[in-house]
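The values are calculated or read from the model by the stated rules, or taken from the named source; none is laboratory data. For clarity, every value in this text was computed on a predicted model and none was experimentally measured. Every residue, glycine among them, receives a Cβ derived from its backbone with ideal geometry; neighbour counts consider all protein chains shown.
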Amino acid sequence: MNEKLSICLENRHPEHEGARYLRCCVLYGLAPGLAIAPDGTIAWKNDAPVACRLFVSMDQRLICLHETGAPGCVTVLRDGRSTTAPEGKPVVLLDQDDLLVGSTRLRLHVHGWTQQELAPSYLPVEAPGAGKLSRVAAAGMIAAMGLTSLTGCWGTTEPRKPVEVRDQPPAPPLDENNNKDYAPDPPPEDESATPDEPTGK
């Protein structure tokens with residue numbers, strides 16, 4: 001069973017190039033993992049209220065969940081169409097989808113399955129704020145790391161389907177021994193944080 005998905009979240013309008021690409025790991029199930037706050041900032045293993053949570057479903061799809069009563073609004077943008085994520089109904093995401101949360105627009109780059117569980121971190125670039133040259137440097141580093149978008153269910157080589165909203169998606173069994181609902185322990189203090197903002201100077 002593949003349980004961890006490697007992705008990058010690209011801020012489409014960053015304050016500087018050093019804050020454009022955020023390397024992330026999406027976990028299996030509903031335990032606290034990768035989430036997006038109402039202002040568009042990224043949270044990791046944090047129980048604080050968030051606009052949406054990203055997780056891997058039991059059928060190994062990337063899911064965005066805007067929980068019932070969650071603050072803010074989440075919109076999925078795909079091929080010129082937009083879908084507002086309804087409360088409590090998971091939305092299936094694909095490579096190259098955009099998420100609009102608050103005034104922040106994030107593009108998903110799905111890289112594939114991984115065995116590593118890594119906290120979010122910004123992809124370094126040689127010259128933050130240097131515009132086009134920094135983008136080229138970041139793109140070159142992504143290629144060098146082998147973080148290229150995949151084909152198949154993640155890729156864009158075939159016509160993309162409309163955004164799928166599920167009423168009753170396959171629920172990830174977070175306790176595989178008894179299949180009961182997950183009751184997480186409080187996360188360690190050093191893991192309950194947002195990624196450090198890179199300096200633009």
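Brief remarks on what is shown
- No other residue among Met1, Met58 is closer than 20 Å to Glu164 by Cα, at pLDDT below 95, assigned to a loop (DSSP other than H, G, I, E, B) and not β-branched (Val, Ile, Thr) apart from Met58.
- Taken over the range 11-31, the residue count meeting the criterion of being over 20 Å from Trp113 (Cβ atoms) and either of a type in the set (A, V, I, L, M) or surrounded by fewer than 22 Cβ atoms within 10 Å (Cβ to Cβ) (or both) is 7.
- Qualifying residue in the range 74-84 (condition: touching a strand residue (DSSP E or B) at 6+ places or on another chain (Cβ under 9 Å), touching a residue at least 12 places away in the same chain (Cβ under 8 Å) and on the phi > 0 side of the Ramachandran plot): no
- Residue within the range 132-150 that is touching a strand residue (DSSP E or B) at 6+ places or on another chain (Cβ under 6 Å), at pLDDT 90 or above and surrounded by fewer than 20 Cβ atoms within 10 Å (Cβ to Cβ) present: no
- Residue satisfying condition, being under 20 Å from Leu123 (Cβ atoms), of a type in the set (Gly, Ala, Ser) and modelled with pLDDT under 95, within set Ala19, Ala43: Ala19
- Qualifying residue in the range 76-89 (condition: closer than 27 Å to Asp167 by Cβ, modelled with pLDDT of 95 or more and within 10 Å of the chain's Cα centre (by Cα)): no
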